[in-house]
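For reference, the structure is listed below as structure tokens.
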Amino acid sequence: MTYFDQVNEAAAYLRGKLGGLAPRVGMVLGSGLGDVAEVVTETIVVPYAEIPHFPHSTVEGHSGRLVAGRLGGAAVAVMQGRVHFYEGYAPRQVTFPMRVLGALGIEAVVLTNAAGGIDDSYRIGQLVVITDHINMMGWNPLVGPNEQRFARKAGAGLRFFDMSEAYAKWMRRLAHDAASTEGFELGEGVYLAVSGPSFETPAEIRAFRGMGATLVGMSTVPETIVARHMGIQVLGISCVTNLAAGLSPTPLSHAEVFETGRQVRWRLARLLEQLGPGISTLLEAEP
Ligand code: HPA
């Protein structure tokens, strides 16, 4: 069975589970942020382990279920947890869930993650809108034959495609508006992805700062690349769970990352509750 067929089999399985629900907005919840799915109502929960060919996570803090339902009235499909390259998954497996969301009919996706803060202005626990990214993972999920059939709209699915506005401006604006409605401010930043699993050295962080990065993490970029290949619009939101290596007086730990994520998850939940309907409405208005 080809990879394309596997994606479609997984999507068909999910379609069967979802009944009539047809989400146009997808969300992926990162480390320590999975509880945010609790604000989804009328839920249909499908553990990843049940979905044909679906990779499931081994990391604590990633529970591994797809939660479909309504968020502030809009139909959404929320991935509670993701798999990472550092767990030993091949690039195509890392982005398999994103392909399935595309095959399900998602047109816009909100990717969230835990990230180390490189910019001095960031505070721990701050939510930051990703304006652009730098791929330092050493690989690209699209290496290999181009599968044009993954395209979700006309003009997508190309071998070579533009990444100059990978994170949609209209969704970024919407995120800022939603946050101010909820009474807080979002930062903005450039997310640099590394493969992990070791955290960075202080010298690496100094180098990344020089390259223009303000956030560092181990996810999101492969999903963004694959989403853009399909013509899906992307919003990226980082939770600054720790100061990057060399900037923090204490050694970095997954416990710190996970705990900060847990502390800010309600602010993120309120943001996503606003964004669900906001994104859906604007998608409908699109010609
Ligand atoms: N580095 C890489 N990934 C991360 C970090 C970090 O400091 N914090 C959370 N994810």
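The values are calculated or read from the model by the stated rules, or taken from the named source; none is laboratory data. Quick caveat, the model's predicted, so the values are computed rather than measured. Here the Cβ positions follow ideal geometry from the backbone for every residue, glycine too, while neighbour counts run over all protein chains shown.
Within the range 37-57, the set of residues being on the phi > 0 side of the Ramachandran plot and not in a strand (DSSP E or B) comprises just one member, 53.
In the range 193-216, the count of residues that are crowded, with 17+ Cβ neighbours inside 10 Å, among the basic types (Lys, Arg) and within 24 Å of residue 277 (Cα to Cα) is zero. Is one or more of the residues making up the range 77-90 away from the ligand (no atom under 16 Å from the Cβ) and touching a Phe, Trp or Tyr at 6+ places or on another chain (Cβ under 7 Å)? Among the residues of the range 77-90, not one is away from the ligand (no atom under 16 Å from the Cβ) and touching a Phe, Trp or Tyr at 6+ places or on another chain (Cβ under 7 Å), which makes the answer no. Screening the candidates 255, 244, 207, 227 for the property of being more than 19 Å from the chain's Cα centre (by Cα) and away from the ligand (no atom under 12 Å from the Cβ) yields one hit, 207. Determine if the range 93-102 includes at least one residue that is of a type outside the set (D, E, K, R), within 16 Å of the ligand (Cβ to nearest atom) and assigned to a loop (DSSP other than H, G, I, E, B). Scanning the range 93-102 turns up no residue that is of a type outside the set (D, E, K, R), within 16 Å of the ligand (Cβ to nearest atom) and assigned to a loop (DSSP other than H, G, I, E, B). Here 267, 228 are screened, and the one residue that is surrounded by fewer than 23 Cβ atoms within 10 Å (Cβ to Cβ), under 23 Å from residue 98 (Cβ atoms), touching a residue at least 24 places away in the same chain (Cβ under 8 Å) and of a type in the set (Lys, Arg) is 228. If the condition is being within 17 Å of residue 109 (Cβ to Cβ) and assigned to a helix (DSSP H, G or I), then the range 1-36 contributes 7, 10, 11, 14, 18, 34, 36. Please state which of the following conditions residue 220 fails to meet, knowing it meets all the rest: (1) away from the ligand (no atom under 15 Å from the Cβ); (2) within 20 Å of residue 110 (Cα to Cα). Against the list (1) away from the ligand (no atom under 15 Å from the Cβ); (2) within 20 Å of residue 110 (Cα to Cα), residue 220 comes up short only on (1). Can you tell me which residue in the range 58-74 is modelled with the lowest pLDDT, limited to those that are surrounded by fewer than 19 Cβ atoms within 10 Å (Cβ to Cβ) and not acidic (Asp, Glu)? Ranking the qualifying residues of the range 58-74, first place goes to 59.
Candidates in the range 24-52 are the residues that are more than 23 Å from residue 258 (Cα to Cα) and under 16 Å from the mean Cα position of the chain (by Cα); of these, the one that is surrounded by the most Cβ atoms within 10 Å (Cβ to Cβ) is 25. Each residue in the range 124-156 was checked for being assigned to a loop (DSSP other than H, G, I, E, B) and within 14 Å of the ligand (Cβ to nearest atom), and 5 of them qualify.
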